[in-house]
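These notes are about the structure you will find just below.
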Amino acid sequence: IHRLQNFSKREQSTGVDLLHPDDFELVIPDSLSPSSINEFRKCPQSFLFQYLWKLRQPINNALATGTMCHAALEQVFDLEPPDRSIDNLQNLFRRHWAEHRKSVTYKELFENPDDKTWNQTAEIEWGSQSLGLLENYIGVEDPSMVSRPNPLKRVVWGRANVTVRPEAGATGFTSKSIARQHGNNTFSVRGIIDRLDMVPAHDQVGERVVLRLIDFKSGKAPNLKYSAAMNQKIQSEAFFQLLIYALLNRETKTDSLPLRYLRLFYLTSHQDNTQAVTREMDL
C-alpha cells in the first residue's frame, strides 16, 4: 500500500489521473492458498491486485490447458488399469473440454472479438498442443502400471489454521489455553493436493511404506542452466508450494503413514518432454 501511495504522489505531479489506494476498501482475506502465498512472495503488488482487490487476469490458453489436463489426469484413474491408455486419457481431456468450452469461463477464449464467431483453427491448435502434454506424461508414468491402492487419494482438500506468532507453533493451537493466551492470531490456509501415493522407503529403521505427494504442472520445468547455487535456489522456490501442501496434509491427514517425498510433474520442459522432480523430506 505504501509503495502505491508513493507512486501515486509522484504521478500526481505529472497530471496523470490515477486511482489512489485510499479509493479502495481495505480487504483482509478469509483464507490463503499455496498459490496466493507464492504470488505474495514473488510480487506483493500482484497479490494485492489479484487476491485482495479481485482484479484477476482473464482466462488464457495456458490456464485452460492446466485445468483440462488436471481433470484428465485425475479421471483416468477411475478406469481399470488396462483401460488407462493414451487414447482414453486424451479422450477424457476432449470430453471435459466439450462440456466446458462454451461456458462463461471459456466462451471468449477462442471467440473473434470483431464478429463473435468461433475461431476453430485456434481452438484445434490449442487442443493439439494440450494433448501433446498428456503424451509427454505417458512417457514418464504409465497410468496402467499404477496399481491399486495407488493413487491412494486424488484431489485432497487440506486446511489448517496457521499461527501468526511463531512462538505459538507452526500451525493451529493444540490446546484452548494456548489459544486464549495468544488470542485469535491465526489465519486459514487451504489448498488442493493433486495426488497421494503409497511408496516403499528404505532408511535406518528398515523398509516401510510412506506417502509421496504429487503436484502436476502444465507449465515448463525450470531450465537449470545456471550455477549450482542458483539452480538450488530455483528448485527451492519451485517446491515452496508443495511444502505448504505437506503442512496441510500433516494437519488434516487421517492415516498414520508419514509423508516422505514431494514430486513435481512438469508436463513440458525446454526439451519438450515431461520432467518429474522428486524431493525427499526429513522425517
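The values are calculated or read from the model by the stated rules, or taken from the named source; none is laboratory data. Quick caveat: nothing in here was measured; it's all calculated off a predicted structure. Cβ placement follows ideal geometry from the backbone for every residue including glycine, while neighbour counts extend to all protein chains displayed. Heads up: the accessible areas ignore ligands, DNA and RNA and are worked out on the full protein's heavy atoms, side chains in. Shrake-Rupley method; radii C 1.70, N 1.55, O 1.52, S 1.80 Å.
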Would you tally the residues in region 50-67 being assigned to a helix (DSSP H, G or I) and either among the polar types (S, T, N, Q) or surrounded by fewer than 16 Cβ atoms within 10 Å (Cβ to Cβ) (or both)? 6
Residue count for region 68-81, restricted to those that are in a helix (DSSP H, G or I) and free of Cβ contacts under 8 Å to residues at least 60 places away in the same chain: 3
Across region 212-266, what is the number of residues that are of a type in the set (Val, Ile, Thr) and over 22 Å from residue 160 (Cβ atoms)? 1
Within region 87-112, restricting to residues that are hydrophobic (A, V, I, L, M, F, W, C) and farther than 17 Å from residue 124 by Cα, the one that is least open to solvent (accessible area, probe 1.4 Å) is 89
Matching strands (runs of 3 or more DSSP E) fully within region 192-283 where at least 3 residues are of a type in the set (Ser, Thr, Tyr) and in contact (Cβ under 8 Å) with a residue 24 or more places away in the chain: 259-268
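Regarding residue 84, is this residue open to solvent by 60 Å² or more (accessible area, probe 1.4 Å) and in contact (Cβ under 8 Å) with a residue 60 or more places away in the chain? Before you say what the answer is, go through the steps one by one.
Working: open to solvent by 60 Å² or more (accessible area, probe 1.4 Å): no; in contact (Cβ under 8 Å) with a residue 60 or more places away in the chain: yes.
Answer is no for this residue.
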Tabulated pairs, region 104-120, first touching a residue at least 40 places away in the same chain (Cβ under 8 Å), second of a type in the set (A, V, I, L, M, F, W, C) and open to solvent by 80 Å² or more (accessible area, probe 1.4 Å), C-beta under 8 angstrom, 6+ apart or interchain: none
Just one of the numbered conditions (1) open to solvent by less than 20 Å² (accessible area, probe 1.4 Å); (2) more than 26 Å from residue 271 (Cβ to Cβ) is not true of residue 120; which one? (1)
What residue, among those in region 112-146 that are among the hydroxyl-bearing types (Ser, Thr, Tyr) and more than 21 Å from the chain's Cα centre (by Cα), is modelled with the lowest pLDDT? 117
With under 16 Å from the mean Cα position of the chain (by Cα), of a type in the set (A, V, I, L, M) and surrounded by 14 or more Cβ atoms within 10 Å (Cβ to Cβ) as the only criterion, which of 257, 211, 262 stands out? 262
Considering region 27-41 alone, what residues qualify as being open to solvent by 40 Å² or more (accessible area, probe 1.4 Å) and modelled with pLDDT under 90? 27, 28, 29, 30
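Find the residue count for region 216-233, including only residues that are open to solvent by less than 50 Å² (accessible area, probe 1.4 Å) and out of contact with any helix residue (DSSP H, G or I) (no Cβ under 8 Å at 6 or more places or on another chain).
The total comes to 2.
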Please indicate, with yes or no, whether at least one residue in region 53-63 is among the polar types (S, T, N, Q) and out of contact with any helix residue (DSSP H, G or I) (no Cβ under 8 Å at 6 or more places or on another chain). yes
Yes or no: residue 250 of a type in the set (Lys, Arg) and open to solvent by 70 Å² or more (accessible area, probe 1.4 Å)? yes
